[in-house]
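The values are calculated or read from the model by the stated rules, or taken from the named source; none is laboratory data. Because the structure is a prediction, the values reported are computed rather than measured. Methodologically, a virtual Cβ is constructed for each residue, glycine included, from the backbone with ideal geometry; neighbour enumeration extends over all protein chains shown. Note: areas computed on protein heavy atoms with side chains; ligands, DNA, RNA excluded. Shrake-Rupley method; radii C 1.70, N 1.55, O 1.52, S 1.80 Å.
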Amino acid sequence: NAGVTQTPKFQVLKTGQSMTLQCAQDMNHEYMSWYRQDPGMGLRLIHYSVGAGITDQGEVPNGYNVSRSTTEDFPLRLLSAAPSQTSVYFCASNPAGGRVASPLHFGNGTRLTVT
Amino acid sequence: DAKTTQPNSMESNEEEPVHLPCNHSTISGTDYIHWYRQLPSQGPEYVIHGLTSNVNNRMASLAIAEDRKSSTLILHRATLRDAAVYYCILRRNNDMRFGAGTRLTVKP
């Protein structure tokens, strides 16, 4: 049982490049989400999904796309990277369906630098 | 989600209890109070949560005020490994948002 797995751990992009941050969970959790954390700041919600085929925007969705074709995977796409997207990205999951009492499980993060 | 207010930082001595406060004066009846912590260079880790009654688990205790407008996370004997940023979050739905948290420093 690996929990929430994020790849890659580190990535450097040039401005304008695109890439996909991968997130996979093996706990059959319905809910998955992406956060970004800038230096010295708390986490900010980018996008989330309450199940396959369903996604919604969080606090800071601009510049990011998501899709949820399977329960296990929730990739985050940067179509045209900008220096302002330099951050650490965390993926999280938990059972949804109104179970707001259940804890979030976080991955170990992807550290992205855009030059 | 309703807003929470936490002190930016706190200090504690090793092996002493730590009380981390959180104010949430706009809490609604269906909001759960969650606490997470983030150790350096790691993702956040669940600590404890509650709705109305005080809660205990192996990591900590959560004391919730009778009017639910504030809560306190209690670490009974702080260790150096408890040095982290602690986040208090109100959770009503799946749009879960973190504030800046409280940075806890534990002195040996």
To the nearest 20 debye, what charge dipole does the protein assembly as shown have about its Cα centre, counting +1 at the Cβ of each Lys and Arg and -1 at the Cβ of each Asp and Glu? 340 debye
Apply the Karplus curve 6.51 cos²θ - 1.76 cosθ + 1.60, θ = phi - 60°, to the phi angles in segment A:14-25 and return the couplings in whole Hz, x for Gly and Pro. 8, 3, x, 6, 10, 6, 10, 8, 9, 9, 9, 9
Considering only A:PRO95, A:PRO39, A:PRO75, give the residue with the highest GNM mean-square fluctuation for chain A, with springs between Cα atoms whenever their separation is below 10 Å. A:PRO39
Within segment A:29-45: backbone nitrogen closer than 15 Å to the A:LEU79 label point (7 Å, Cα to C-beta): none
Please compute P(r) over all alpha-carbon pairs of the protein assembly as shown, binned at 10 Å starting from zero, and give each bin as a whole-number percent. 8, 33, 34, 20, 5, 0
Tell me which trypsin sites (Lys or Arg not before Pro) from segment B:1-105 have a DSSP coil assignment and no more than 13 other beta carbons within 10 Å of their own. B:LYS3, B:ARG58, B:LYS69, B:ARG77
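Taking segment A:13-105, which trypsin sites (Lys or Arg not before Pro) meet the DSSP loop condition and have no more than 15 other C-beta atoms within 10 Å? All intermediate terms of the calculation are to be shown ahead of the outcome.
Numbers: sites: A:LYS14, A:ARG36, A:ARG44, A:ARG68, A:ARG77, A:ARG99; in loops: A:LYS14, A:ARG68, A:ARG99.
Passing both the DSSP loop test and the Cβ count: A:LYS14, A:ARG99.
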Scoring segment B:10-57 by relative contact order with C-alpha pairs under 8 Å, at least six apart, yields a percentage of 25 percent
Return a whole-number percent for the relative contact order of segment B:1-85, with Cα pairs under 8 Å and 6 or more residues apart as the contact set. 33 percent
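Taking each residue of B:94-106 in turn, how many C-beta atoms of other protein chains fall within 10 Å of its C-beta, and what is the average? Intermediate values should be presented prior to the final figure.
Numbers: counts 16, 7, 11, 7, 10, 3, 4, 3, 0, 1, 0, 0, 0.
Average neighbour count from other chains, rounded to a whole number: 5.
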Karplus-derived HN-Hα couplings along segment B:49-58 (A = 6.51, B = -1.76, C = 1.60, θ = phi - 60°), whole Hz, x at Gly and Pro: 8, x, 10, 10, 8, 5, 10, 10, 9, 5
Under the Karplus relation 6.51 cos²θ - 1.76 cosθ + 1.60, θ = phi - 60°, what is the ordered set of whole-Hz ³J(HN,Hα) values for segment A:43-54, x standing for Gly and Pro? 7, 10, 6, 9, 9, 8, 9, 9, x, 4, x, 10
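Whenever you get a sec, compute what percent of the accessible area on segment B:1-105 sits on carbon and sulfur atoms (1.4 Å probe). Present the calculation step by step, with values, prior to reporting the outcome.
Working: 2380 of 5260 Å².
Roughly 45 percent of what the probe reaches on segment B:1-105 is carbon or sulfur.
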